[in-house]
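One structure is given below, encoded as structure tokens.
The values are calculated or read from the model by the stated rules, or taken from the named source; none is laboratory data. Keep in mind the model is a prediction, meaning the values are calculated, not measured. Here Cβ is always computed from backbone atoms with ideal geometry, including for glycine, and neighbour counts include all displayed protein chains. SASA here: full protein model, heavy atoms, side chains in, ligands and nucleic acids out. Shrake-Rupley method; radii C 1.70, N 1.55, O 1.52, S 1.80 Å.
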Amino acid sequence: MDRKISYNWLKEYVKLNATVEEFAKEFSLCSQSVERVKKIQAHFSGVVTAKIIAIVKHPNADRLQLATVDTGKEKITVVCGAPNIAVGQIVPLAKVGAELIDPKVDDKFVLEKGVIRGVESAGMICAPDELGFWPEHNGILVLESDTPVGKDLADVLKLDDYLMDIEITTNRPDAGSLVGLAREAAAVFDVDNKIDLPKPNLKLKTEIPLSVEVKESKLCPRYQAVVMENIKVGPSPFWLQWRLSQAGIRPINNLVDITNYILLEFGQPMHVFDYDKLQGQKIVVRKAKAGEKILALDGKNYQLSADNLVIADAKDPVAVAGVMGGELSAVSAETKTIVFEAANFNPVSVRKTARALNLYSESSSLFEKNLSAEGTFVAILRAVELTQQLAGGQTASPIIDVYAQNYKPKKISFDPANIKRLLGVEIKIKQIKNILERLGFEVSGSNTLKITVPWYRANDVEYDHDIVEEVARIYGYHNLPVELPSSEIPVRAKNPILVWEDKIKDILVGAGLTETYNYSMVDKEMIEAANRPKTEVVKISNPLNSEIEFMRTDLEPQILQGVADNIKRFNQIEIFEVSNVYRLQKANDLPVEQSCLAGAVVDKMDDFLQVKGLVELLLDKLAITDYQFKELVKDNNYCSVQTALTVVIKNEVIGYFGLVNQKNASRFSFDRPVAIFSFVVEKLAKYASDLKPFVPIAEFPNAQRDLAIVIDAEVKWQMIVDAVKSVDPLVSEIKYLSTYVDKSLGEDKKSLAFRVTFQAERTLKSEEVDVVLEKIIKNLQTKLNAILR
């Protein structure tokens with residue numbers, strides 16, 4: 001996660017003399033990374049502070065008013081349509097000639113004297129967006145009552161600043177707050193911080209009843225609440241709205257803004273309820289009941305389940321615990337009595353709920369990172385303090401604290417010799433103590449250090465090596481000695497499967513194919529296309545969505561989907577993928593990962609011939625020679641026995657190729673033939689070799705004859721190969737040429753052309769070749785009922 005933090009705000013909590021550039025450089029080296037720094041300055045000019053001393057209705061417009069403002073030097077009448085102006089307010093006044101922002105086009109303009117509905121306006125009272133502040137508002141910007149009049153607005157508001165975008169590592173949610181960053185900055189620059197415990201007035205004039213019951217203490221280890229009365233809901237002062245808007249948070253009202261401010265300041269999510277909207281003056285932390293719903297603050301209704309932890313009143317849920325509050329219990333302009341909540345929730349529960357509801361918030365993001373339960377107390381004190389300052393509230397109940405288990409500080413026994421052993425540098429014990437104490441650790445002892453981990457680091461620092469890391473980063477990794485290893489660096493042995501995967505990819509890409517990458521997680525449709533037994537299918541227990549619900553069992557469905565996505569755009573498609581598939585062999589066990597190769601070919605020419613040639617090329621490049629093409633024993637999920645062959649070595653099937661069957665052609669809406677091939681990479685690697693055997697060029701010339709025969713449609717190519725090869729040892733090769741089908745050949749007939757190559761350790765005579773050819777023709781006629789064309 002990242003935080004956008006004002007440098008001026010940070011300096012209120014830690015004594016820093018460094019420039020922002022110096023801070024960003026040093027802080028990034030020793031703590032969290034400052035990704036970028038943005039200069040903040042006024043986007044306007046010619047705007048002064050002024051006091052509204054009179055308001056009258058516009059004579060010619062119902063929705064406009066004439067406001068007389070006093071700058072201390074002069075009184076000016078301006079036309080204003082804002083609904084929130086009132087006599088006595090201190091407001092920003094733009095005089096004629098002032099430079100402002102036009103929010104409609106996000107560009108500057110110069111204010112000119114104008115006549116509005118017949119009345120001259122000598123200036124303009126400005127809204128926040130016209131000054132370049134925050135875009136959403138309810139009228140003009142009202143400044144604090146003690147703001148001096150007649151001063152330049154940019155000087156009064158002290159806008160010159162720097163906004164730092166700081167990336168916070170996931171294991172350090174404590175550093176995601178301003179106070180956490182101040183602690184880090186104090187340690188990095190070896191200066192004092194100015195972090196004090198809030199000191200609100202907790203004395204009760206009256207006590208309003210509120211009960212809190214936590215039924216799920218494992219999911220909510222701590223829940224704190226306090227009631228406050230005599231609340232005045234309204235806009236927050238400028239400084240608070242400005243801080244929130246700089247961090248990317250929209251100001252709403254003083255109460256909601258206080259909770260968001262504390263989230264930035266202390267890193268503790270909070271929520272505020274309208275007390276009068278809580279039924280039974282009761283808060284119950286429980287799991288949702290079947291059928292319950294909640295209207296959340298985002299304006300949407302959510303169906304809850306028994307797995308969702310909720311905050312409820314005596315009757316209904318009023319918030320989704322750790323995720324978002326409910327609209328029906330939210331504070332409004334009429335709210336007079338409130339309940340502040342500061343709680344700690346189980347990170348796994350919050351994450352599961354957020355994902356199940358597809359409802360995410362800044363609060364859920366923080367709770368997922370396992371916040372400390374000790375952070376709630378300082379947050380609720382700060383909330384009371386700010387409410388007393390900004391909303392006139394008074395405490396009307398003690399701070400209710402339901403804590404499942406009292407906090408016990410984590411203690412670590414640390415041997416300083418570990419620093420030398422792990423970092424290779426000698427750091428004095430005094431310096432080690434100083435670094436740790438600057439980071440908030442309590443340290444005692446001399447030879448062996450007794451270290452007490454601060455509560456805000458209890459979920460991050462657990463072992464000796466964590467202490468070494470803390471010392472190393474503050475000491476500075478860049479200050480550690482740099483020395484090349486004196487011995488030879490051991491080389492990790494290569495995984496042979498990965499080596500052959502790379503080689504297969506190179507071969508196929510070199511042959512003109514395009515490599516594809518598909519997700520290992522697939523939807524139900526792809527699993528159904530693979531048609532594997534359910535006992536082999538791996539279902540993901542917590543999928544992000546229904547499109548990645550299963551682990552794929554085959555590569556072929558995604559390859560065919562890739563063809564389907566492109567077949568209408570391209571005449572020729574040649575794609576492949578080499579990746580893992582996942583299949584269960586035993587129930588409740590881990591799936592077996594197997595590296596596989598699959599590809600598809602779509603061509604204007606004979607697709608079967610193309611894929612057969614491609615397979616032969618691959619096997620040749622892998623130096624696999626002793627293979628055979630054999631018929632499928634039975635139809636597989638993707639091809640039928642009539643249009644596919646298996647690749648067999650020593651009676652082991654290592655793959656197959658052929659035309660996609662009608663079932664899958666219909667499933668993927670193919671309008672023309674598609675050829676497919678598939679291999680198990682491990683089996684290819686088993687028979688492949690880096691050394692290609694030398695095959696000498698034949699000393700004597702071969703002889704070739706082409707034949708075309710008419711046979712029954714169901715006769716397979718392999719049957720022809722077997723019939724030809726069995727005739728005579730002179731037959732060295734049989735090459736498929738083409739298939740022709742026409743009504744003139746007869747019903748259920750086809751014409752198949754092929755080339756026979758004859759080879760011997762001597763020069764063959766034409767006569768002896770012809771004799772063997774006649775034997776071949778006769779054997780085909782006898783065994784396959786073939787007719788020579």
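Worth a mention:
- Qualifying residue in the stretch 710-720 (condition: outside the structural domain of residue 629 (by TED's automatic domain parsing), at pLDDT 85 or above and over 19 Å from residue 789 (Cβ atoms)): no
- Out of 50, 94, 98, sole residue that is touching a residue at least 60 places away in the same chain (Cβ under 8 Å), in a strand (DSSP E or B) and within 16 Å of residue 152 (Cβ to Cβ): 50
- Of the residues making up the stretch 159-188, those that are under 20 Å from residue 372 (Cβ atoms) and of a type in the set (A, V, I, L, M) are 168, 175, 178, 179, 181, 182, 186, 187.
- Residue within the stretch 687-698 that is polar (S, T, N, Q) and under 23 Å from residue 734 (Cβ atoms) present: no
- Selection within the stretch 665-678 - polar (S, T, N, Q) and within 12 Å of residue 644 (Cβ to Cβ): 678
- Screening the stretch 200-224 for residues that are in a loop (DSSP other than H, G, I, E, B) and β-branched (Val, Ile, Thr) and picking the one that is least open to solvent (accessible area, probe 1.4 Å) gives 208.
- Residue 61, sole failed condition from (1) over 30 Å from residue 102 (Cβ atoms); (2) in a loop (DSSP other than H, G, I, E, B): (1)
Results for (1) among the basic types (Lys, Arg); (2) in contact with a strand residue (DSSP E or B) (Cβ under 6 Å, 6 or more places away or on another chain), shown as yes or no for each residue.
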residue: 353; (1), (2): no, no
residue: 356; (1), (2): no, no
residue: 364; (1), (2): no, no
residue: 377; (1), (2): no, no
residue: 382; (1), (2): yes, no
residue: 386; (1), (2): no, no
residue: 399; (1), (2): no, yes
residue: 408; (1), (2): yes, no
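- Within the stretch 59-91, the only residue that satisfies the criterion of being loosely packed, with under 13 Cβ neighbours inside 10 Å, among the charged types (D, E, K, R) and in contact (Cβ under 8 Å) with a residue 24 or more places away in the chain is 73.
- Strands (runs of 3 or more DSSP E) enclosed by the stretch 279-334 - at least 1 residues per element that are open to solvent by 40 Å² or more (accessible area, probe 1.4 Å) and not polar (S, T, N, Q): 282-287, 293-295
- Restricting 597, 590 to those that are part of a strand (DSSP E or B) and of a type outside the set (Val, Ile, Thr) reduces the list to 597.
- Any hit, the stretch 146-169, residues being open to solvent by less than 20 Å² (accessible area, probe 1.4 Å) and free of Cβ contacts under 8 Å to residues at least 60 places away in the same chain: no
- If you go through the stretch 640-698 and keep only what is among the β-branched types (Val, Ile, Thr), outside any strand (DSSP E or B) and in contact with a helix residue (DSSP H, G or I) (Cβ under 8 Å, 6 or more places away or on another chain), you end up with 674, 681.
- Selected residue [assigned to a strand (DSSP E or B) and under 30 Å from residue 674 (Cβ atoms)] from 575, 559, 527: 575
- Once the stretch 606-644 is narrowed to residues that are of a type in the set (Lys, Arg) and closer than 21 Å to residue 513 by Cα, the residue that is nearest to the chain's Cα centre (by Cα) is 621.
- Counting the residues of the stretch 225-239 that are assigned to a helix (DSSP H, G or I) and modelled with pLDDT of 95 or more gives 0.
- For the stretch 739-759, the candidate set comprises residues that are closer than 23 Å to residue 699 by Cβ and out of contact with any helix residue (DSSP H, G or I) (no Cβ under 9 Å at 6 or more places or on another chain); within that set, the residue that is least open to solvent (accessible area, probe 1.4 Å) is 757.
- The set of residues in the stretch 342-356 that are open to solvent by less than 20 Å² (accessible area, probe 1.4 Å) and either under 17 Å from residue 401 (Cα atoms) or aliphatic (A, V, I, L, M) (or both) comprises 342, 343, 344, 345, 350, 354.
- The residue that is surrounded by the most Cβ atoms within 10 Å (Cβ to Cβ), counting only those in the stretch 1-58 that are in contact with a strand residue (DSSP E or B) (Cβ under 8 Å, 6 or more places away or on another chain) and of a type in the set (Asp, Glu), is 2.
For (1) at pLDDT 95 or above; (2) open to solvent by 80 Å² or more (accessible area, probe 1.4 Å); (3) closer than 12 Å to residue 519 by Cα; (4) assigned by TED's automatic domain parsing to the domain that holds residue 680, each residue gets a yes or a no:
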site	(1), (2), (3), (4)
539	no, yes, no, yes
567	no, no, no, yes
575	yes, no, no, yes
579	yes, no, yes, yes
588	no, yes, no, yes
592	no, no, no, yes
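- Failed condition for residue 52, given (1) farther than 30 Å from residue 4 by Cβ; (2) modelled with pLDDT under 90: (2)
- Boolean, residue 244 is in the same structural domain as residue 281 (by TED's automatic domain parsing), buried (at least 17 other Cβ atoms within 10 Å of the Cβ) and part of a loop (DSSP other than H, G, I, E, B): no
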